[in-house]
Amino acid sequence: MNHFISINQLSNEQITRLLEKAKTYKATNYAIPKQLFAANLFFEPSTRTKMSFTVAERKLGLEALDFYPESSSIQKGESLYDTVKTFESIGADVLVIRHQADDWISELEQSINIPIINAGAGKAEHPSQCMLDLLTIYEEYGRFENLNVVIVGDIKHSRVAKSNAHALKRLGANVFLSAAPGYEDESLEYPYVSMDEAIPFCDVVMLLRIQHERHDEKHETSSYLTQFGLTKERESKMQKHAIILHPAPINRGVEIDGDLVECSRSRIFKQMENGVYIRMAILTYVLEEWGIIDESLIKEC
Ligand code: CP
């Protein structure tokens with residue numbers, strides 16, 4: 001049975017089905033009339049992902065179990081594996097995990113017998129963020145084919161960039177990257193462009209935060225916005241229909257001018273709203289895949 005770990009494990013058809021399911025959950029309330037427990041194990045800070053998984057679980061009628069590493073037996077030296085095995089033993093039906101290690105799943109995937117959803121793995125992958133970004137683009141354009149998407153920022157340290165670039169390419173979009181020197185990632189084989197080159201022809205400008213917590217030393221950012229970020233001047237040169245995305249949290253005044261965060265072409269808060277519905281779709285998908293529920297159990301309410 002597959003855990004929900006990487007966007008690469010989903011076919012294009014499965015991605016489309018999840019997007020359609022999320023749209024259904026957005027339009028109509030659905031719940032599962034069966035006692036099920038979802039445990040949210042976040043070993044790295046999170047606001048959006050943790051809270052939107054919690055809202056998604058509660059909307060579906062699941063009991064959401066919270067976990068705080070700083071007040072848990074992690075402090076007594078308990079390992080990730082033993083913590084996760086504990087949640088399985090006490091009756092969790094699904095686990096949502098974020099951890100700072102890129103490959104935390106490798107020690108769990110063969111030995112944990114309930115579904116695990118990746119809510120962020122180090123610098124490697126953030127598949128539920130990717131899915132909510134895809135949902136936001138899909139709602140906007142109804143397609144991915146031939147859209148020009150530029151992913152801008154600290155590509156090297158971004159799990160969002162990795163998940164999104166491959167998924168968008170596979171779905172037919174033209175993917176470009178834009179990064180300040182030192183923030184490029186050679187493992188991603190997409191053309192690099194400057195912001196000034198990208199802005200006039202892109203349909204989607206996807207900004208990324210500088211991931212200071214993953215840097216060895218603090219980087220100076222006072223001239224970052226004018227050199228590499230989305231200034232008001234650059235925004236004025238975007239195509240009329242083009243949109244701005246950002247997974248957040250946002251460094252206002254660094255990767256984006258603070259006044260643009262809520263401008264008419266920004267979909268940043270729409271992304272957060274969509275996070276709830278795509279996570280409902282992901283939760284029901286894995287519960288069905290693992291035979292914990294079948295589709296007929298998901299009732300309109
Ligand atoms: N986009 C995102 O993952 O935000 P959080 O770190 O707040 O969950």
Legend entry - strands (runs of 3 or more DSSP E) fully within segment 13-119 counting 1 or more residues that are among the aromatic types (F, W, Y) and either within 16 Å of the ligand (Cβ to nearest atom) or open to solvent by 10 Å² or more (accessible area, probe 1.4 Å) (or both): 37-42, 63-67
Inset, instruction - Look through segment 144-159, keep the residues that are within 16 Å of the ligand (Cβ to nearest atom) and open to solvent by 10 Å² or more (accessible area, probe 1.4 Å), and return whichever of them is nearest to L132 (Cα to Cα). - result: R159
Inset, instruction - Would you check which residues across segment 251-296 are open to solvent by 30 Å² or more (accessible area, probe 1.4 Å), of a type in the set (G, A, S) and assigned to a helix (DSSP H, G or I) and list them? - result: S296
Inset, instruction - Check segment 250-257 and report whether any residue there is closer than 19 Å to P45 by Cβ, touching a strand residue (DSSP E or B) at 6+ places or on another chain (Cβ under 8 Å), acidic (D, E) and within 16 Å of the ligand (Cβ to nearest atom). - result: yes
Inset, instruction - Tell me, please, whether a residue that is closer than 25 Å to A167 by Cβ and open to solvent by less than 20 Å² (accessible area, probe 1.4 Å) can be found in segment 231-241. - result: yes
Inset, instruction - Would you confirm whether any residue within segment 128-141 is open to solvent by 20 Å² or more (accessible area, probe 1.4 Å), touching a residue at least 60 places away in the same chain (Cβ under 8 Å) and of a type in the set (F, W, Y)? - result: yes
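Here's the yes/no breakdown for (1) at pLDDT below 95; (2) basic (K, R); (3) on the phi < 0 side of the Ramachandran plot:
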| position | (1), (2), (3) |
| --- | --- |
| T221 | yes, no, yes |
| E235 | no, no, yes |
| K240 | no, yes, yes |
| I244 | no, no, yes |
| P247 | no, no, yes |
| N251 | yes, no, yes |
| G258 | no, no, yes |
| R265 | no, yes, yes |
| T284 | no, no, yes |
Legend entry - Test: residue in segment 235-250 that is within 14 Å of V204 (Cα to Cα), among the charged types (D, E, K, R) and either in contact with a Pro (Cβ under 9 Å, 6 or more places away or on another chain) or in a helix (DSSP H, G or I) (or both): yes
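The values are calculated or read from the model by the stated rules, or taken from the named source; none is laboratory data. Please read all numbers here as calculations on a predicted model, not as lab measurements. Methodologically, a virtual Cβ is constructed for each residue, glycine included, from the backbone with ideal geometry; neighbour enumeration extends over all protein chains shown. Please note that ligands, DNA and RNA were not included when accessible areas were found on the heavy atoms of the full protein model with its side chains. Shrake-Rupley method; radii C 1.70, N 1.55, O 1.52, S 1.80 Å.
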